[in-house]
Amino acid sequence: MTPPPANSTPAQAESEDFQWYRAAPSLPEVFRSIAVPAVAGRFWRKMGAFAGPGYLIAVGYVDPGNWATDLAGGAKYGYALLSVIVLSNFLAIFLQTLSLRLGIASGRDLAQLCRDRFSLPIAVGLWISCELAIIACDLAEVIGAAIALELLFGMPLILGVLLTALDVFLVLWLQGRGFRYVEALVITLLCIIGGCFAVELTMAQPQLREIAASVLPSRRIITNPGMLYLAIGILGATVMPHNLYLHSSIVQSRGFAPTERGKGEAIRFCTIDTVTALIAAMLINAAILILAATINRAGYTEMSEIQDAYRLLTPLLGGLASLLFGVALLVSGQMSALTGTLAGQIIMEGFLRWRVSPVMRRLATRALALLPAVGIIAVFGEGATGPLLVLSQVVLSLQLSFAVVPLIMFTSDSKLMGKFVNPRWMQAVGSSVAVGVTVINGWLVWQVIF
């Protein structure tokens, strides 16, 4: 059936032409494709069936944009911004849990519900916000992977940026093999990144007492404009707007029973999966900042580029530390491309009711990220990559409110969520988060303009 135009009236929305969309599941090629054991009492078998979506989401929390903000924060302010990483990660766990609850309880993803429930102008505005977030995220992935290729193989930065477009074929090959292959690869690559930093931290021997003290937030983060800017960048790098859309879709890849009991079980196991994966991501981000703080303690307080960290690790910790750093960075950049493609597909199908092949979707997104990256490097040189990475994460943070507000609205709707609607305390926390993020971002825009 031919898809109806996106600007159709509400009356047309209920016509027969729209039934294809109303019935269409999110990511139809993998919808309910992963079997869930029906036998009760087999905790670990069921946990294995539900494990995976949380780790796909965790990829966005350790991409090169996170590296840039964590390294800049650690190199300039030592352990002081460690508390921001911890708080941002707990915020991410809360929001991602709401996202998975929405997808499982309603059977719709966040993008589909925004298109169903909001007027066309609002839906289009939200879609544009999502696309900006994906482009900002993809920009960080492009630059991060290109920097890794330069550091490991001496490849010119612009050439490395252009070569990152080839990851389209990796994405397509994995999607053709099955969704479990995508999840298995992501978990393996996350383990590689975690292993690299575990070795580096062992070599660095950080100050554990100072680290423990830095977990609690400091007033300086608010009063110091430089620290606040980096803190907002860390928030934007940690809580990815498009991850909220992605998570509400990929949890529907599990074939759980569409009953209240089946949905409750799915929410429970997916929540365990998400909390475990995001805590692992938090530890990796903390390790990046602690490693940068080690460089700070050695007297290097200005480290504006990822390349600076790579070069300084050799005299401080030895050549192995630099090699592991470069490998982890390359893995991080390539791994993030997988989830970026899936998120883009979900957002475009949900908001525009327009199904595009993954090839075209990936090429379009990557082209929009390549143009500014190549242009800025060509004009300002390699020294511009660090500030550009941090800026991309601030842009992500500015888009966050446009995803959080609809998420809180939908998960607090008893008609949509049924017995899985947010209890009052979650509604209060969610509303506070939405207001807080909006106020902080508004303050940032005010500072930039005036």
Inset, instruction - Obtain the radius of gyration and the Kirkwood radius of the stretch 87-198 from its C-alpha atoms and give Rg over Rh. - result: 1.04
Inset, instruction - Rank-order 200-212, 69-81 by packing density, defined as the average count of other C-beta atoms within 10 Å over each peptide's residues, highest first. - result: 69-81, 200-212
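Output the peptides 151-162, 277-288, 412-423 sorted from most to least packed, where packing is the average of other Cβ atoms within 10 Å over each peptide's residues.
Numbers: 151-162: 16.3, 277-288: 22.4, 412-423: 14.4.
The peptides rank, most packed first, as 277-288, 151-162, 412-423.
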Legend entry - Alpha-carbon gyration tensor eigenvalues x 5, square-rooted, for the stretch 127-267, Å: 31, 26, 20
Legend entry - Cα→Cβ-extended label distance, 7 Å offset, between TRP173 and LEU185, nm: 0.7 nm
Legend entry - Exposure ranking of ARG115, ARG220 by accessible area [1.4 Å probe, largest first]: ARG220, ARG115
Inset, instruction - Could you work out how far apart the two model spin labels at LEU162 and ARG32 are, taking each label as a point 7 Å from the Cα in the direction of the beta carbon, and quote it in nm? - result: 4.8 nm
Legend entry - Cα-based Rg and Dmax for the stretch 199-309, where Dmax is the largest Cα-Cα distance (Å): 19.1, 60
Inset, instruction - Measure off, as a whole percent, the carbon and sulfur share of the 1.4 Å-probe accessible area of the stretch 26-122, all protein chains present. - result: 64 percent
Legend entry - Spread of Cα-to-Cα distances over 5 Å intervals beginning at zero, given as percent, for the stretch 173-242: 3, 12, 10, 13, 19, 16, 11, 7, 6, 3, 0
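So for each of 245-251, 138-144, 261-267, 321-327 I average, over its residues, the number of other beta carbons within 10 Å; can you give me the resulting order with the highest mean first?
The peptides rank, most packed first, as 245-251, 138-144, 321-327, 261-267.
The values are calculated or read from the model by the stated rules, or taken from the named source; none is laboratory data. What you see is a predicted model, and the numbers here were worked out from it, not measured in a lab. Backbone-built Cβ (ideal geometry, glycine too); neighbour counts: all protein chains shown. Just the protein is used for accessible areas: all its heavy atoms, side chains included, with ligands, DNA and RNA removed. Shrake-Rupley method; radii C 1.70, N 1.55, O 1.52, S 1.80 Å.
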